[in-house]
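For reference, the structure is listed below as C-alpha cells.
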Amino acid sequence: MSTPVIGVLALQGDVREHLAALGAAGGRAVPVRRPAELATVDALVIPGGESTTISKLAEAFDLLEPLRARVAAGMPAYGSCAGMILLADAIEDPRSGQRTIGGLDITVRRNAFGRQNESFEAAVVMEGVGGGPVEGVFIRAPWVERAGPTVEVLAVHAGHPVAVRAGRLLATAFHPELTGDHRVHGLFVDMVREVLDAAGTPAAADATDPVEPTVIRADRAPGTTGRPERGRAVPAG
C-alpha cells in the first residue's frame, strides 16, 4: 500500500496536531509554506486557526493562487474549522478583504457557534466514519449556511451541517486533530489513496528522486495538547 504525501498548510494554526494525526492515520505529513513545497504533495490539509490571517499570509507567501489552481485541478484537500472557511466558495459574513481558496460549493458563517469562551466539545455522528461518534472540538466554529447540489452533508450538530464532502474535498467545522481520534484523518488518507489508485499515479513518497520537503516533528511538550483546557486559551477556529 502506497503512503501518500499530504501537506499541511503551515502558515498559522494547529499545524503540529494535523501532522501527528495524518502520520497516525497512515499518511506521510509534511508542512507546506511555499509554492515549491505545495508542488511536491499529493493532497493538502488546511488547519484550524484564524481564516483571515491564513488567507493574508497565503497571499504574502505567493501561495493563494497556486492553492486555488491545485484545488481546481483536483488535488484532494481537507479543511478543519478555519480550513472549512477557506475551502468555501462563499462566506456569509466575511471580514473586509477576506479571500478564500474555494472549491466547495458552500456558504459558511464564521464564528457561528459563538465566541472563544463559548467553545465546547460534542459527540458528532459522521457519515463515512465507523466506530461510533467522533469527538468534535468546536472553537469559534463555523457552520454551513448553504450546501450546493454536489455537496454531501456528512454530519449535523444543533441543526446545522458541520461536516461536508464534495468529491475530493472534505471539510469539518470542528477539530478532530485535537482529540487523539484519527478516524477523520483516516477517511481523508483513504480518499487520497483512492484518487491516486484511480489515476494509476504513485504517491509522491514512492516517486523516483522526489523533491524532499522539510518534515516538522509532530511531538510537543507536556501540557500543550491544543485542546480547550480550564484556565488556558484555545486557538481561534
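Can you give the translational diffusion coefficient of region 45-138 in µm²/s, computed by Stokes-Einstein from the Kirkwood radius over Cα pairs at 20 °C and 1.002 mPa s?
This corresponds to a translational diffusion coefficient of 149 µm²/s.
Fully extended, how many nm does the chain gain between Ala69 and Asp93 (0.36 nm per residue separation, minus their Cα-Cα distance)?
Separation in residues times 0.36 nm, less the Cα-Cα distance, equals 6.2 nm.
Would you work out what percent of the accessible area of region 22-70, with all protein chains in place, is carbon or sulfur (probe 1.4 Å)?
That fraction is 56 percent.
Mind running the shape call on region 1-51? Use the C-alpha gyration tensor, a ≥ b ≥ c as the square roots of the eigenvalues: rounded below 1.5 for a/c, prolate if a/b tops b/c, oblate otherwise.
Verdict is oblate for region 1-51.
Once label points are set 7 Å from the Cα along Cα→Cβ at both Asp190 and Glu118, what is their separation, rounded to one decimal in nm?
Those two pseudo-labels are separated by 3.4 nm.
With +1 on each Lys and Arg Cβ and -1 on each Asp and Glu Cβ, how big is the dipole of the chain about its Cα centre, in debye rounded to the nearest 20?
Using only the charged Cβ atoms, the result is roughly 560 debye.
Under the classification rounded if a/c is under 1.5, otherwise prolate if a/b is larger than b/c and oblate if not, where does region 144-187 fall, given a ≥ b ≥ c as square roots of the Cα gyration tensor eigenvalues?
Oblate is the answer for region 144-187, as a/c is 1.5 or above yet b/c matches or exceeds a/b.
Output the relative contact order of the chain, whole-number percent, from Cα pairs under 8 angstrom with separation of 6+ residues.
Across the chain, relative contact order equals 24 percent.
If you roll a 1.4 Å probe over the heavy atoms of the protein chains, what accessible area per residue do you get for the chain, in Å²?
42
What number, in percent, do you get for the relative contact order of region 83-207 if the mean sequence gap of Cα pairs under 8 Å and at least 6 apart is divided by its residue count?
After rounding, I find 20 percent.
Remind me, relative contact order of region 77-130 in percent, using alpha carbon pairs under 8 angstrom and six or more residues apart?
Once normalised by length, the contact order is 27 percent.
At a 1.4 Å probe radius, carbon and sulfur cover how many percent of the accessible area of region 121-214?
Answer for region 121-214 is 52 percent, counting heavy atoms of protein chains only.
The values are calculated or read from the model by the stated rules, or taken from the named source; none is laboratory data. Bear in mind that the values here come from a model prediction, so they are computed numbers and not experimental data. Note that we place each Cβ from the backbone using ideal geometry, even for glycine, and neighbour counts take in every protein chain shown. Note: areas computed on protein heavy atoms with side chains; ligands, DNA, RNA excluded. Shrake-Rupley method; radii C 1.70, N 1.55, O 1.52, S 1.80 Å.
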